[in-house]
Amino acid sequence: MADSAANASPIREVQIEALVVMRIIKHSTSAFPTPATGCLVGMDIPSSAGTQLQVTNCFPFPASVPEQSQQDQYYQADAAALAAAAPRAKSNVGYQNEMIKLMREVNVDAQSVGWYTSTSMGNFVNLNFVENQAFLQKQADERTSVALVFDVSRSASGSLSLKAYRLSESFMTSYKEAKFSTESLQKSGLRYQDILIEIPIQIHNSHLLTSFLHSLPTPPPEKATLDFPSSLADLSHDPYTTSNPLAPNLDALDLSIDPFLEKTTDLLLDSIEAHQIEQNNAQYYQRSLAREQAKITAWQTKRKQENQLRQQQKQPLLDETEWTKLFKLPQEPSRLESLLVGRQVEQYSRQVDAFAATVSGKMFGVRGGLVPGGNAD
């Protein structure tokens, strides 16, 4: 309970204007597969229940283009790396300050409240993401800053995937001190589950836009009962469902499970392999450290025996701390990457669980309609 209270987010929920969501979607889809990043502006509304963060506007960071002299095969990788590091780049920090200054002059909400980024298949838990968010949360006047993550691939399958995250206080403490050794992690009790805090999101429409949306639907059919469609093609050609912008999305009835689930499973296996590599590196360090410590212990034992003999012969004693110059202990690798890989594995597992649950419900619905006696189950 104490750890949960320490890691509690000061933000109760994030309220995003629908226009901001549309801008993020347009920027992310146009830049895909290169990550799209931008700045969020708005205001924070404190209350007794917690702060509500209102995101009322956004603007993209300028695209950083690699030097023309670089080879073509490295262009995509360099462009993706530059785009991922854009929120903390010095040039973009100056650009962000200038944009906020211009917004303030035209009486628009001009408080920076975080940043957004796009991802594919939930692959966003990496060092770039952590460094970008930590850069904002380390600011002296930082009160509320979030990272919005829009998943282009997941949203293309029919459901909007937009989530808000903050780095936990316990992780920020370790990150500021750069202490990610095994001993420090054991003392702090930091786990991979404690890296990110997910914050609820609420999409908000203005009253004018809500009134406009209510005026869009066409009048319902005059018949009291509708004819049951004989096939999915009949639904696709129904003028009520095709001309009505607020009619249910038929793409949500798609039963294909292979593309998304197969790709996510492949990424999950890659992350597990990366985690195994990190574990092997940690074990190699422990074996190297044990070998060096054994050599040091043997040297110290031999030196003590020599000093005992020299003391009996009344000769000057040798320096017993000389081993610090003769031996060098291996430096322990940072466990930060291992924590991030573990959190990424959890992210993929959650995606598989959520997607499988949705598809299972559809499958049971199909079984009830097609299999004789299926409704009885």
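Taken over region 26-46, the residue count meeting the criterion of being closer than 18 Å to I16 by Cβ and either among the hydrophobic types (A, V, I, L, M, F, W, C) or in contact with a strand residue (DSSP E or B) (Cβ under 6 Å, 6 or more places away or on another chain) (or both) is 12.
Report, by residue number, each residue of region 305-355 that is among the acidic types (D, E) and touching a residue at least 12 places away in the same chain (Cβ under 8 Å). Scanning region 305-355 gives E306, E320, E322, E332, E337, E346. Taking into account only those residues within region 28-51 that are touching a helix residue (DSSP H, G or I) at 6+ places or on another chain (Cβ under 8 Å) and among the polar types (S, T, N, Q), which is modelled with the lowest pLDDT? Among those that are touching a helix residue (DSSP H, G or I) at 6+ places or on another chain (Cβ under 8 Å) and among the polar types (S, T, N, Q), it is T34. Number of residues in region 36-52 that are among the aliphatic types (A, V, I, L, M) and part of a strand (DSSP E or B): the value is 4. Restricting T321, T297 to those that are at pLDDT below 85 and either part of a helix (DSSP H, G or I) or over 30 Å from S360 (Cα atoms) (or both) reduces the list to T321. Within region 335-353, the residues that satisfy the criterion of being surrounded by 13 or more Cβ atoms within 10 Å (Cβ to Cβ) and more than 12 Å from the chain's Cα centre (by Cα) are R335, L336, E337, S338, L339, G342, S349, Q351, V352. Scanning region 10-35 for residues that are surrounded by fewer than 20 Cβ atoms within 10 Å (Cβ to Cβ) and in a loop (DSSP other than H, G, I, E, B) turns up P10, F32, P33, T34. Screening S118, S159 for residues that are touching a strand residue (DSSP E or B) at 6+ places or on another chain (Cβ under 7 Å), within 23 Å of I203 (Cα to Cα) and not aromatic (F, W, Y) leaves exactly one candidate, S118. Could you tell me which numbered condition A86 fails, if it satisfies all but one of (1) surrounded by 15 or more Cβ atoms within 10 Å (Cβ to Cβ); (2) modelled with pLDDT of 80 or more? Looking at each condition in turn, A86 falls short on (2). At least 2 residues being farther than 24 Å from H27 by Cβ and in contact (Cβ under 8 Å) with a residue 24 or more places away in the chain is the threshold, and among the helices (runs of 4 or more DSSP H) wholly inside region 140-209 those reaching it are 169-177, 182-188. Against the test of being farther than 30 Å from V341 by Cα and either over 58 Å from the mean Cα position of the chain (by Cα) or assigned by TED's automatic domain parsing to the domain that holds L336 (or both), the options A290, A298, A282 yield a single qualifying residue, A298. When L309, L317 are checked against the criterion of being in contact with a helix residue (DSSP H, G or I) (Cβ under 6 Å, 6 or more places away or on another chain), over 30 Å from F124 (Cα atoms) and loosely packed, with under 14 Cβ neighbours inside 10 Å, a single residue qualifies: L317.
For every residue, the table says whether it meets (1) modelled with pLDDT of 85 or more; (2) in contact with a Pro (Cβ under 6 Å, 6 or more places away or on another chain); (3) of a type in the set (F, W, Y); (4) part of a helix (DSSP H, G or I).
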| residue | (1), (2), (3), (4) |
| --- | --- |
| P259 | no, no, no, yes |
| D266 | no, no, no, yes |
| N281 | no, yes, no, yes |
| Y284 | yes, no, yes, yes |
| S288 | yes, yes, no, yes |
| N307 | no, no, no, yes |
| Q311 | no, no, no, yes |
| L317 | no, no, no, no |
| P330 | no, no, no, no |
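Would you check if there is a residue in region 136-146 being among the hydrophobic types (A, V, I, L, M, F, W, C) and more than 21 Å from P87 (Cβ to Cβ)? Looking for residues that are among the hydrophobic types (A, V, I, L, M, F, W, C) and more than 21 Å from P87 (Cβ to Cβ), one finds none in region 136-146, hence no. Could you check, for region 217-227, whether at least one of its residues is modelled with pLDDT of 80 or more, out of contact with any Ser or Thr (no Cβ under 7 Å at 6 or more places or on another chain) and of a type in the set (D, E, K, R)? No, that holds for no residue.
The values are calculated or read from the model by the stated rules, or taken from the named source; none is laboratory data. Remember, predicted model here, so these are calculated numbers, not experimental data. With ideal geometry, Cβ positions are generated from the backbone for all residues, glycine too; neighbour counts draw on all protein chains shown.
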